[in-house]
Every structure is written in structure tokens, then in C-alpha cells.
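S.K.: Can you read through this structure? Questions will come right after.
The values are calculated or read from the model by the stated rules, or taken from the named source; none is laboratory data. Since the structure is predicted, the reported quantities are computational estimates derived from the model, not experimental observations. Cβ sites come from the backbone with ideal geometry, for glycine too, and all protein chains shown count toward neighbours. These area figures cover heavy atoms from the full protein model, side chains too; ligands, DNA and RNA do not enter into them. Shrake-Rupley method; radii C 1.70, N 1.55, O 1.52, S 1.80 Å.
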Amino acid sequence: MSFELPILTYSYDALEPNIDARTMEIHHSKHHQAYTTNLNNAIAGTELEGKSIEEILKVCKDKPAVRNNGGGFWNHRLFWEIMAPNGSSHPSGDLAAAIDVAFGSFDGFKDEFAKAATTRFGSGWAWLCVSDGKLEICSTANQDNPLMGEGCSGAPILALDVWEHAYYLNYQNRRPDYISAFYNVINWDVVAEKYKAAK
């Protein structure tokens, strides 16, 4: 069984003005498709063929092609899933309470998450993870993620892509503006479901 490019549940222009349609189209149909194709090629005929992407990511550290493309496949799949055209402005319920405990307030979370995303040198990702029932924030380089044992030690429930291809057409070198806009498209209901499952 080979991996397939996930179908988005919204159109490429649905996240405007926060994320523009052209960026979404290139990011999904070109970048994510390339990671998907290259992952399938990298595992074809190996002991990893037929395994879940999560199983693959746990053992791919010494396999650069699998690590880079497997991470790119999984990271982007989560990224598309936790966004929505009319993202809620903030979380509620158990997730909101956990954010208050971990970061003092929702604004405290936003500040810490933005710092992780802004200070990631070069290309990479910012993450909100659940580790031993508690929330933590980290960042990883390139297409690495916490499932590989990189950055946070827990289960990722929120991801922000800070590779330039994710924002450069609209924001150029203004990564902080892109990060601020990202908060407008987060689907906190989906993040809350992932939090509940990961606790």
C-alpha cells in the first residue's frame, strides 16, 4: 500500500487573506505531493513498505530520504487538518484549561508558540505536543517532528510550517506576520480532539 496526497477539506482560497490561494496550491499540490511521491519511492521494496507512517517515523533516523520525505508527508498532513476557513479564535473546555495551566493564559501560549516559530533558524516547524498528559511547545528543523524523538517528547496536536515556501509569496521575509495570521485559521475543535486522544 502506498501513501497518497491527502485531499483538503477546503478550497485553496478558503484561508484567505491569512494564507493566499496561490501559496496553498503550490504548497499542497507541489511540495506535499513531492514528499508523498518521494516517500513511496524511498520505502519501495524495503522492510518499511506496508507500515504506517507513524511506525516509519520512529525508525527512520538513519535513513535520510525516508526521514525527510516521511516527515514532510506526516507534518503537512497534520498542518492541513488543524486549519479551517473559519477557525475559532481560541480553544475551550479541557484544552483551554490545559493551556492555562501550562502557559498561564492563552496569550501566554501564543507568545511562547510564536517564539518557537520565529526563532527556528532556517526551515522547520513549531509544535504543540502532549507529553505525559501535559502540554509543551518546541520546534524542529527541516521536516523532523516529535514522533522521531526530536524536539518535544510527546504527541503533536498542533503544527506550524515555517519553511519559506509556506508563506513567502504573501509575507516575504515577515515570518512574524505569517505566524500571527496562522492563529486566525486554527481549527481548535480538531486540536481539542487530538488533545483528548493524546492525554
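S.K.: Take residue 193 and tell me if it is over 16 Å from residue 82 (Cβ atoms), free of Cβ contacts under 8 Å to residues at least 24 places away in the same chain and open to solvent by 20 Å² or more (accessible area, probe 1.4 Å).
M.R.: So residue 193 fails the test.
S.K.: Let me ask you something else. State whether the residues of region 72-85 include one that is in contact (Cβ under 8 Å) with a residue 40 or more places away in the chain, within 27 Å of residue 26 (Cβ to Cβ) and of a type in the set (Val, Ile, Thr).
M.R.: The answer is yes, given that some residue of region 72-85 is in contact (Cβ under 8 Å) with a residue 40 or more places away in the chain, within 27 Å of residue 26 (Cβ to Cβ) and of a type in the set (Val, Ile, Thr).
S.K.: Moving to a separate point now. For region 4-37, name all the residues that are open to solvent by 70 Å² or more (accessible area, probe 1.4 Å) and either of a type in the set (Val, Ile, Thr) or in a helix (DSSP H, G or I) (or both).
M.R.: Correct list: 7, 9, 22, 25, 30.
S.K.: Further, regarding this structure: What number goes with the only condition from (1) touching a helix residue (DSSP H, G or I) at 6+ places or on another chain (Cβ under 8 Å); (2) open to solvent by less than 30 Å² (accessible area, probe 1.4 Å) that residue 185 does not pass?
M.R.: (1)
S.K.: Any idea which of (1) at pLDDT 95 or above; (2) part of a loop (DSSP other than H, G, I, E, B); (3) out of contact with any helix residue (DSSP H, G or I) (no Cβ under 7 Å at 6 or more places or on another chain) is the one residue 1 doesn't satisfy?
M.R.: Condition not satisfied by residue 1: (1).
S.K.: How many residues are in a helix (DSSP H, G or I) and within 20 Å of residue 112 (Cβ to Cβ) when one looks only at region 167-189?
M.R.: 9
S.K.: Out of (1) out of contact with any helix residue (DSSP H, G or I) (no Cβ under 9 Å at 6 or more places or on another chain); (2) modelled with pLDDT under 95, the odd one out for residue 61 is which?
M.R.: All conditions are met except number (1).
S.K.: Given (1) in contact with a Ser or Thr (Cβ under 9 Å, 6 or more places away or on another chain); (2) crowded, with 22+ Cβ neighbours inside 10 Å; (3) closer than 28 Å to residue 14 by Cα, where does residue 128 come up short, assuming only one miss?
M.R.: For residue 128, the exception is condition (1).
S.K.: Filter region 74-121 down to residues that are touching a helix residue (DSSP H, G or I) at 6+ places or on another chain (Cβ under 7 Å) and β-branched (Val, Ile, Thr) and give me whichever is surrounded by the most Cβ atoms within 10 Å (Cβ to Cβ).
M.R.: Of everything passing the filter in region 74-121, 82 is surrounded by the most Cβ atoms within 10 Å (Cβ to Cβ).
S.K.: Could you grab me the full set of residues in region 91-138 that are of a type in the set (Val, Ile, Thr), in contact (Cβ under 8 Å) with a residue 60 or more places away in the chain and assigned to a strand (DSSP E or B)?
M.R.: 130
S.K.: Quick one: in region 132-154, of everything that is small (Gly, Ala, Ser) and open to solvent by 20 Å² or more (accessible area, probe 1.4 Å), which residue is nearest to the chain's Cα centre (by Cα)?
M.R.: So, considering only residues that are small (Gly, Ala, Ser) and open to solvent by 20 Å² or more (accessible area, probe 1.4 Å), the one nearest to the chain's Cα centre (by Cα) is 139.
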